[in-house]
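The values are calculated or read from the model by the stated rules, or taken from the named source; none is laboratory data. Since the structure is predicted, the reported quantities are computational estimates derived from the model, not experimental observations. Glycine also receives a Cβ, built like all others from the backbone with ideal geometry; neighbour counts cover every protein chain displayed.
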Amino acid sequence: MYYLDVAPNSEGVMHRTTSTDYLIVLKGTLSFLTPQDSFDAGTGYGTPKETLCHPGDTLVQRGIMHALSNRTDQWVRVLGVVAASDPNRVPVEGGPSSTTQELRVLDDSWLA
């Protein structure tokens, strides 16, 4: 469990973690950014979708690309709870079409 204080007019970095995260907005307006479409490492995540989160709102996310930003002139405070979880495993595009499909493990990943 931790507090996250996000400075005014700051942009977070798009990333993914393997944990299950519970984020509760305590103060201010948090911008939760996610890709609008499937992520492609070759082309990036494009223009992200912005979801505004206000005091009392709770975000639950696991393994998705996301960024936390503060696009206001006021500080944002978030209470975070992190629960360990197994890494996501996804089929590899163009992998074998047999019954044993090749899987890629999605580790924690930061995209700067």
**Prompt:** Among THR20, THR29, THR72, which is closer than 29 Å to ARG104 by Cα, out of contact with any helix residue (DSSP H, G or I) (no Cβ under 8 Å at 6 or more places or on another chain) and not charged (D, E, K, R)?
**Reply:** THR20
**Complete:** Considering residues that are farther than 13 Å from LEU68 by Cβ, in a strand (DSSP E or B) and at pLDDT 95 or above, the number found within the stretch 25-57 is 2
**Request:** Considering each of ALA67, ALA83 in turn, give the residue that is surrounded by fewer than 11 Cβ atoms within 10 Å (Cβ to Cβ), of a type in the set (A, V, I, L, M) and either touching a strand residue (DSSP E or B) at 6+ places or on another chain (Cβ under 6 Å) or at pLDDT 85 or above (or both).
**Result:** ALA83
**Request:** Go through the stretch 13-37 and give me each residue that's closer than 15 Å to CYS53 by Cα and of a type in the set (Gly, Ala, Ser).
**Result:** GLY28, SER31
